[in-house]
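Report on the following structure.
The values are calculated or read from the model by the stated rules, or taken from the named source; none is laboratory data. Owing to the predicted nature of the structure, the values given are computational and were not obtained by experimental measurement. Reconstructed Cβ throughout: ideal geometry from the backbone, glycine too, with neighbour counts over all protein chains shown.
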Amino acid sequence: MLQFHIDHIGNTQSPIIVIENFWPRPEELVEIAATRNDYGIRSLYYPGIRSSAPPEYAHAVVANLHEIIRSAFAVQDELTITDSTFSITATPAEKLVPFQRVPHFDSTDPRRFAVLHYLCGSGHGGTSFYRHRSSGTEVVTEEMRDRYIRTVNAEVKAVGMPPALYVDGDTELFERIAKYETAFNRALVYQGNVLHSVNVRPNFVPDPNPRTGRLTMNTFLLAKAPS
C-alpha cells in the first residue's frame, strides 16, 4: 500500500501527490543506474544527463499510480508512458543556459503528468514550484502560452539575464509557492503545465556518479482515451 498525501499549492490549488517509500527495492534501481554507460543530454530543460529507464519500471509506475492519478487530477482516460529515464543533475551552475535559470513548464496539456522519483537522499536540494510575479501565472495553458513567453522575455530584456545559478527561492520575476526536499525513495506527481524547477544546495558540485549524485527517475505520462 502506497503511503501518500496530496497537497494543493498556490492560487490555482494545483494537486501535488507526495509518495513516501515509493518503490519496493530502490537500491536495485540505483545499482542498475550505476551500470549504465549511455548517459547523455536528452532534454531541452533538464540540467544534466539521462539514460533510459528499464521498461518494466515505467509499466509498474502506471499500474501503481493509475487510480491515484485519475482521482487526484479528475481524469478518466487511460495513462500511457511517453518517456522514462534515469536522470542525474550534473550541469555546473555557470554552464546553465538561460532557460535553465528560470522556472519552466513541460507542456501546456493538463493531461500530461510527471512522476519524479528521488533515488538520492537529503542534501541534494529538491524541486520547487513557482508563480510568475507580474502575471500571477502558476499554470501555463495553451491559450496563454505565447503571451506568457513574450512577457517573460520582455522582462528579461528589461532587467537583464538571470544569473548563472540554479533557481532556489524567490527571484525578481518569480516567487516560490512550494518546495519539496529530496528524500530517498520519495516520489512527486504533478501536472507538467505547473511552473517548476530543480533546486540544489548553494554549494552544489556536480556529481555524475549515480550512487552519490543527484539521481532521480523521471517518468512522463499522458492521459488519453484508448484508440
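Here the strands (runs of 3 or more DSSP E) wholly within the stretch 173-227 that include at least 2 residues being in contact with a Pro (Cβ under 7 Å, 6 or more places away or on another chain) are 196-199. Of the residues screened, I9 is not one that is in contact with a His (Cβ under 9 Å, 6 or more places away or on another chain), within 28 Å of F99 (Cα to Cα) and not hydroxyl-bearing (S, T, Y).
What number of residues in the stretch 58-85 are of a type in the set (S, T, Y) and either surrounded by fewer than 18 Cβ atoms within 10 Å (Cβ to Cβ) or over 30 Å from Q13 (Cα atoms) (or both)? Within the stretch 58-85, residues that are of a type in the set (S, T, Y) and either surrounded by fewer than 18 Cβ atoms within 10 Å (Cβ to Cβ) or over 30 Å from Q13 (Cα atoms) (or both) number 3.
Just a yes or no: is a residue in the stretch 148-159 closer than 24 Å to P15 by Cα and modelled with pLDDT of 95 or more?
Keep residues of the stretch 148-159 that are closer than 24 Å to P15 by Cα, which gives 148-149.
Filter once more, keeping what is modelled with pLDDT of 95 or more: 148-149.
Yes, the stretch 148-159 contains at least one residue that is closer than 24 Å to P15 by Cα and modelled with pLDDT of 95 or more.
Here T108 fulfils each of the conditions (1) surrounded by 15 or more Cβ atoms within 10 Å (Cβ to Cβ); (2) farther than 30 Å from K157 by Cβ; (3) not small (G, A, S) apart from (2). For the stretch 1-25, the set of residues classified as surrounded by fewer than 18 Cβ atoms within 10 Å (Cβ to Cβ), under 19 Å from the mean Cα position of the chain (by Cα), in contact (Cβ under 8 Å) with a residue 24 or more places away in the chain and outside any strand (DSSP E or B) consists of T12, N21, listed by residue number. Note on the stretch 123-138: among residues that are surrounded by fewer than 18 Cβ atoms within 10 Å (Cβ to Cβ) and at pLDDT 95 or above, the one that is nearest to N11 (Cα to Cα) is G136.
Can you name the residue in the stretch 27-39 that is crowded, with 17+ Cβ neighbours inside 10 Å and not β-branched (V, I, T) and, of all such residues, is nearest to R186 (Cα to Cα)? Walk me through it before giving the result.
Keep residues of the stretch 27-39 that are crowded, with 17+ Cβ neighbours inside 10 Å, which gives 29-30, 33, 39.
Filter again for not β-branched (V, I, T), leaving 29, 33, 39.
On the way: L29: 13, A33: 17, Y39: 23 Å.
Out of the qualifying residues, it is L29.
The set of residues in the stretch 156-170 being surrounded by fewer than 18 Cβ atoms within 10 Å (Cβ to Cβ) and either at negative phi or in contact (Cβ under 8 Å) with a residue 12 or more places away in the chain (or both) consists of V156, K157, A158, V159, M161, P163, A164, L165, G169, D170.
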